[in-house]
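Worksheet for the structure shown next.
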Amino acid sequence: MVLKLYVPTAFVSGGATIAMVLAEKGIPYEPIFIDLDKKETKTPEFLAMHPFGEVPVIDDDGFILYESRAICRYLAEKYADRGPALLPTGLQAKAIFEQAASVESANFSPALLKVVRESLVKTRRGLPIDQALLDEALAGLAEKLDVYEVILGKQRFTAGDEFSVVDIFHLSYAPRLAIAAGIDIMTRPERPNVTRWWNELITRPTWVKCQAEGYKVATES
Ligand SMILES: N[C@@H](CCC(=O)N[C@@H](CS)C(=O)NCC(=O)O)C(=O)O
(Lines give C-alpha, C1' and ligand atoms only; values in the text may rest on other atoms or scores of the structure.)
Protein backbone atom coordinates (compact mmCIF):
# COMPACT_ATOMS: atom_id res chain seq x y z
CA MET A 1 0.00 0.00 0.00
CA VAL A 2 1.34 3.43 -0.93
CA LEU A 3 2.52 5.58 1.96
CA LYS A 4 -0.07 8.15 3.09
CA LEU A 5 1.24 11.56 4.12
CA TYR A 6 -1.20 13.81 6.02
CA VAL A 7 -0.23 17.45 5.50
CA PRO A 8 -1.63 20.98 5.54
CA THR A 9 -2.49 22.37 2.11
CA ALA A 10 0.41 24.85 2.01
CA PHE A 11 3.82 23.38 1.12
CA VAL A 12 5.42 24.61 4.31
CA SER A 13 6.16 23.07 7.73
CA GLY A 14 7.50 19.65 8.62
CA GLY A 15 5.45 18.10 5.81
CA ALA A 16 7.77 19.72 3.29
CA THR A 17 10.80 18.11 4.92
CA ILE A 18 9.14 14.68 4.69
CA ALA A 19 8.33 15.28 1.02
CA MET A 20 12.01 16.15 0.53
CA VAL A 21 13.19 12.88 2.14
CA LEU A 22 10.73 10.94 -0.04
CA ALA A 23 12.03 12.78 -3.11
CA GLU A 24 15.65 12.03 -2.19
CA LYS A 25 14.74 8.35 -1.85
CA GLY A 26 12.39 8.26 -4.86
CA ILE A 27 9.51 6.86 -2.80
CA PRO A 28 5.95 7.40 -4.06
CA TYR A 29 3.34 8.63 -1.60
CA GLU A 30 -0.22 9.85 -1.46
CA PRO A 31 -0.63 13.31 0.10
CA ILE A 32 -3.82 13.69 2.15
CA PHE A 33 -4.67 17.32 2.73
CA ILE A 34 -5.95 18.39 6.13
CA ASP A 35 -7.75 21.71 6.58
CA LEU A 36 -6.43 23.26 9.79
CA ASP A 37 -8.98 26.10 9.64
CA LYS A 38 -11.76 23.50 9.74
CA LYS A 39 -10.07 21.84 12.75
CA GLU A 40 -9.70 18.58 10.83
CA THR A 41 -6.76 17.62 13.08
CA LYS A 42 -9.06 17.70 16.11
CA THR A 43 -11.59 15.06 15.04
CA PRO A 44 -11.68 11.81 17.07
CA GLU A 45 -10.42 9.90 14.00
CA PHE A 46 -7.44 12.21 13.55
CA LEU A 47 -6.65 12.35 17.29
CA ALA A 48 -6.49 8.55 17.25
CA MET A 49 -3.49 8.95 14.89
CA HIS A 50 -1.95 12.04 16.48
CA PRO A 51 -2.96 12.65 20.12
CA PHE A 52 -1.81 16.31 19.93
CA GLY A 53 -3.96 16.89 16.85
CA GLU A 54 -1.28 18.10 14.43
CA VAL A 55 0.08 17.38 11.00
CA PRO A 56 2.23 15.87 9.53
CA VAL A 57 1.41 12.21 10.13
CA ILE A 58 2.24 9.16 8.01
CA ASP A 59 0.37 5.91 7.59
CA ASP A 60 2.88 3.38 6.27
CA ASP A 61 0.74 0.32 5.61
CA GLY A 62 -0.96 0.70 9.00
CA PHE A 63 2.12 1.96 10.86
CA ILE A 64 1.19 5.43 12.13
CA LEU A 65 3.91 7.94 12.98
CA TYR A 66 3.81 11.65 13.81
CA GLU A 67 6.46 14.38 14.43
CA SER A 68 8.19 15.37 11.19
CA ARG A 69 11.74 14.73 12.40
CA ALA A 70 10.87 11.23 13.63
CA ILE A 71 9.15 10.54 10.30
CA CYS A 72 12.14 11.77 8.26
CA ARG A 73 14.49 9.59 10.28
CA TYR A 74 12.22 6.54 10.00
CA LEU A 75 12.01 6.91 6.21
CA ALA A 76 15.74 7.53 5.85
CA GLU A 77 16.44 4.36 7.81
CA LYS A 78 13.75 2.27 6.09
CA TYR A 79 15.09 3.23 2.66
CA ALA A 80 18.78 3.34 3.62
CA ASP A 81 19.72 1.42 0.48
CA ARG A 82 18.04 3.93 -1.86
CA GLY A 83 19.42 7.33 -2.89
CA PRO A 84 21.82 9.23 -0.63
CA ALA A 85 22.42 7.81 2.87
CA LEU A 86 20.91 10.76 4.86
CA LEU A 87 21.91 9.03 8.14
CA PRO A 88 25.47 8.43 9.36
CA THR A 89 27.07 5.17 10.40
CA GLY A 90 29.79 4.80 13.01
CA LEU A 91 29.70 5.70 16.69
CA GLN A 92 31.22 9.17 16.50
CA ALA A 93 29.48 10.21 13.27
CA LYS A 94 26.16 9.19 14.85
CA ALA A 95 26.98 11.18 17.99
CA ILE A 96 27.81 14.29 15.92
CA PHE A 97 24.58 13.73 13.98
CA GLU A 98 22.57 13.63 17.26
CA GLN A 99 24.34 16.79 18.39
CA ALA A 100 23.34 18.58 15.18
CA ALA A 101 19.76 17.26 15.42
CA SER A 102 19.48 18.63 18.97
CA VAL A 103 20.94 21.98 17.89
CA GLU A 104 18.32 22.25 15.15
CA SER A 105 15.38 21.50 17.45
CA ALA A 106 16.66 23.35 20.56
CA ASN A 107 18.36 26.39 18.98
CA PHE A 108 17.50 26.96 15.32
CA SER A 109 13.84 25.94 15.24
CA PRO A 110 12.54 27.90 18.29
CA ALA A 111 14.33 31.06 17.09
CA LEU A 112 13.02 30.57 13.56
CA LEU A 113 9.45 29.94 14.74
CA LYS A 114 9.41 33.28 16.60
CA VAL A 115 10.19 35.01 13.28
CA VAL A 116 7.64 32.88 11.41
CA ARG A 117 4.87 33.67 13.93
CA GLU A 118 5.58 37.40 13.71
CA SER A 119 5.67 37.43 9.89
CA LEU A 120 4.17 34.59 7.80
CA VAL A 121 1.54 33.53 10.36
CA LYS A 122 0.33 37.07 11.09
CA THR A 123 0.19 37.91 7.37
CA ARG A 124 -1.81 34.74 6.69
CA ARG A 125 -4.27 35.64 9.45
CA GLY A 126 -4.56 39.24 8.27
CA LEU A 127 -3.08 40.56 11.53
CA PRO A 128 -0.73 43.58 11.76
CA ILE A 129 2.96 42.79 12.17
CA ASP A 130 4.57 44.22 15.31
CA GLN A 131 7.89 45.47 13.89
CA ALA A 132 9.56 45.65 17.33
CA LEU A 133 8.66 42.01 18.05
CA LEU A 134 9.77 40.95 14.57
CA ASP A 135 13.11 42.77 14.97
CA GLU A 136 13.63 41.08 18.35
CA ALA A 137 12.85 37.67 16.85
CA LEU A 138 15.20 38.34 13.92
CA ALA A 139 17.98 39.34 16.33
CA GLY A 140 17.45 36.08 18.22
CA LEU A 141 17.70 34.04 15.02
CA ALA A 142 20.75 36.03 13.89
CA GLU A 143 22.49 35.11 17.15
CA LYS A 144 21.94 31.40 16.42
CA LEU A 145 23.09 31.82 12.83
CA ASP A 146 26.30 33.48 14.02
CA VAL A 147 27.10 30.20 15.78
CA TYR A 148 26.11 28.24 12.66
CA GLU A 149 28.60 30.41 10.78
CA VAL A 150 31.41 29.11 13.01
CA ILE A 151 30.25 25.47 12.72
CA LEU A 152 29.79 25.66 8.95
CA GLY A 153 33.23 27.24 8.60
CA LYS A 154 34.64 23.85 9.61
CA GLN A 155 32.32 21.43 7.82
CA ARG A 156 30.15 21.34 4.69
CA PHE A 157 26.84 20.40 6.35
CA THR A 158 25.30 20.68 9.82
CA ALA A 159 26.14 17.10 10.89
CA GLY A 160 29.56 16.92 9.24
CA ASP A 161 30.73 16.78 5.65
CA GLU A 162 27.85 14.61 4.46
CA PHE A 163 24.35 15.82 3.63
CA SER A 164 21.86 14.37 6.14
CA VAL A 165 18.26 14.58 7.33
CA VAL A 166 19.36 17.26 9.82
CA ASP A 167 20.04 19.60 6.88
CA ILE A 168 16.58 18.72 5.59
CA PHE A 169 15.00 19.54 8.99
CA HIS A 170 16.08 23.17 8.44
CA LEU A 171 13.89 23.42 5.33
CA SER A 172 10.52 23.43 7.13
CA TYR A 173 9.86 27.19 7.18
CA ALA A 174 13.04 29.15 6.42
CA PRO A 175 12.73 29.00 2.59
CA ARG A 176 9.20 30.49 2.82
CA LEU A 177 10.53 33.43 4.85
CA ALA A 178 12.57 34.60 1.89
CA ILE A 179 9.89 33.80 -0.70
CA ALA A 180 6.75 35.02 1.08
CA ALA A 181 8.01 37.54 3.62
CA GLY A 182 11.14 38.86 1.88
CA ILE A 183 13.26 37.90 4.91
CA ASP A 184 16.51 36.53 3.49
CA ILE A 185 18.28 36.05 6.81
CA MET A 186 19.80 32.72 5.67
CA THR A 187 21.92 34.35 2.96
CA ARG A 188 23.60 37.38 4.49
CA PRO A 189 27.04 38.54 3.29
CA GLU A 190 28.30 38.64 6.88
CA ARG A 191 27.71 34.86 7.12
CA PRO A 192 29.42 33.40 4.02
CA ASN A 193 29.49 29.84 5.36
CA VAL A 194 25.80 29.81 6.29
CA THR A 195 25.06 31.33 2.87
CA ARG A 196 27.13 28.68 1.08
CA TRP A 197 25.37 25.87 3.03
CA TRP A 198 21.91 27.36 2.55
CA ASN A 199 22.37 27.92 -1.18
CA GLU A 200 23.53 24.32 -1.52
CA LEU A 201 20.35 23.12 0.23
CA ILE A 202 17.82 25.23 -1.64
CA THR A 203 19.37 24.53 -5.05
CA ARG A 204 19.48 20.77 -4.48
CA PRO A 205 17.52 19.30 -7.43
CA THR A 206 15.08 17.43 -5.16
CA TRP A 207 14.24 20.61 -3.23
CA VAL A 208 13.86 22.65 -6.43
CA LYS A 209 11.45 19.95 -7.69
CA CYS A 210 9.55 19.87 -4.39
CA GLN A 211 9.21 23.67 -4.44
CA ALA A 212 7.89 23.56 -8.00
CA GLU A 213 5.49 20.67 -7.45
CA GLY A 214 4.52 20.83 -3.77
CA TYR A 215 3.01 17.62 -2.46
CA LYS A 216 3.02 15.79 -5.74
CA VAL A 217 2.98 12.02 -5.72
CA ALA A 218 6.58 10.97 -6.38
CA THR A 219 7.16 8.37 -9.05
CA GLU A 220 9.23 5.24 -8.48
CA SER A 221 12.78 5.81 -9.63
N1 LIG B 1 6.87 19.37 15.94
C2 LIG B 1 5.80 19.08 15.02
C3 LIG B 1 5.04 20.37 14.72
C4 LIG B 1 3.73 20.10 14.05
C5 LIG B 1 2.89 21.34 13.92
O6 LIG B 1 3.13 22.39 14.55
N7 LIG B 1 1.89 21.25 13.05
C8 LIG B 1 0.94 22.33 12.86
C9 LIG B 1 0.85 22.71 11.39
S10 LIG B 1 2.35 23.32 10.77
C11 LIG B 1 -0.44 21.83 13.22
O12 LIG B 1 -0.82 20.76 12.82
N13 LIG B 1 -1.20 22.59 14.01
C14 LIG B 1 -2.52 22.16 14.37
C15 LIG B 1 -3.52 23.23 14.31
O16 LIG B 1 -3.16 24.36 13.98
O17 LIG B 1 -4.69 22.94 14.56
C18 LIG B 1 6.38 18.42 13.74
O19 LIG B 1 7.49 18.78 13.36
O20 LIG B 1 5.72 17.55 13.16
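Round to the nearest 0.05 the FRET efficiency obtained for Val147 and Lys94 when R0 = 25 Å and r is the Cβ-Cβ distance. List each step's numbers first, then the result.
On the way: r = 22 Å, r/R0 = 0.88.
The formula returns an efficiency of 0.70 here.
Between Lys154 and Leu133, 0.36 nm times their residue separation minus their Cα-Cα distance comes to what?
Computed gain between Lys154 and Leu133 is 4.3 nm.
Want the number for Ala10 to Asp184: 0.36 nm per residue separation, take away the alpha-carbon distance, what's left?
Working: separation 174, 0.36 × 174 = 62.64 nm, distance 1.99 nm.
Residue separation times 0.36 nm, minus the Cα-Cα distance, leaves 60.6 nm.
May I ask you to evaluate 6.51 cos²θ - 1.76 cosθ + 1.60, the Karplus curve with θ = phi - 60°, for each residue of the stretch 36-45 and list the ³J(HN,Hα) values in order in whole Hz, giving x for glycine and proline?
Values per residue, Gly and Pro as x: 5, 4, 8, 6, 5, 7, 9, 6, x, 5 Hz.
Place a +1 charge on the Cβ of each Lys and Arg in the chain and a -1 charge on the Cβ of each Asp and Glu, then give the dipole magnitude about the Cα centre in debye, rounded to the nearest 20. Intermediate values should be presented prior to the final figure.
Values: 25 positive and 30 negative charges, 47 e Å.
Approximately 220 debye in magnitude.
At 7 Å along Cα-to-Cβ for each site, give me the label-to-label distance between Glu45 and Val2 in nm.
1.9
Starting from the Cα of Asp161, step 7 Å toward the Cβ, then list every residue of the stretch 70-108 with an amide N under 14 Å from that point.
93
I need the shape label for the stretch 65-191. Rule: rounded when a/c is under 1.5, else prolate if a/b > b/c, else oblate, with a, b, c from the alpha carbon gyration tensor. Numbers along the way, then the final one.
On the way: a/c = 2.50, a/b = 1.66, b/c = 1.51.
It comes out prolate by the Cα gyration axes.
Work out how much length Asp81 to Asp61 would gain on full extension: take 0.36 nm times their residue separation and subtract the Cα-Cα distance, in nm to one decimal.
Working: separation 20, 0.36 × 20 = 7.20 nm, distance 1.97 nm.
So the extension gain works out to 5.2 nm.
Keeping the other protein chains in place, figure out the carbon and sulfur percent of the accessible area of the chain, with a 1.4 Å probe.
Numbers: 6300 of 11270 Å².
Its accessible area is 56 percent carbon and sulfur atoms.
Using only helices, what value at 222 nm comes out for the chain when you add -39,500 (n - 2.57) per DSSP H run of length 4 or more and divide by the total residues, to the nearest 500 deg cm²/dmol? If you can, show how the numbers build up before the last one.
Values: 10 runs with 105 residues, N = 221.
Estimated from H runs of four or more residues: -14000 deg cm²/dmol.
Which residue, Ile32, Ile168, Ile129, tops the fluctuation ranking in a GNM of the chain built on C-alpha contacts under 10 Å?
Ile129
Solvent-accessible area per residue for the stretch 91-204 at a 1.4 Å probe radius, Å²?
52
Compute for the chain: radius of gyration divided by Kirkwood radius, i.e. Rg/Rh, restricted to C-alpha atoms, rounded to two decimals. Before the final figure, lay out the partial values.
Details: Rg = 17.3 Å, Rh = 18.1 Å.
Computed over Cα atoms, the ratio is 0.96.
The values are calculated or read from the model by the stated rules, or taken from the named source; none is laboratory data. None of these values were measured; they are calculated from a predicted model. So basically every Cβ, Gly included, is an ideal-geometry build from the backbone, and we count neighbours across all protein chains shown. These accessible areas exclude ligands, DNA and RNA; they are computed on the full protein's heavy atoms, side chains included. Shrake-Rupley method; radii C 1.70, N 1.55, O 1.52, S 1.80 Å.
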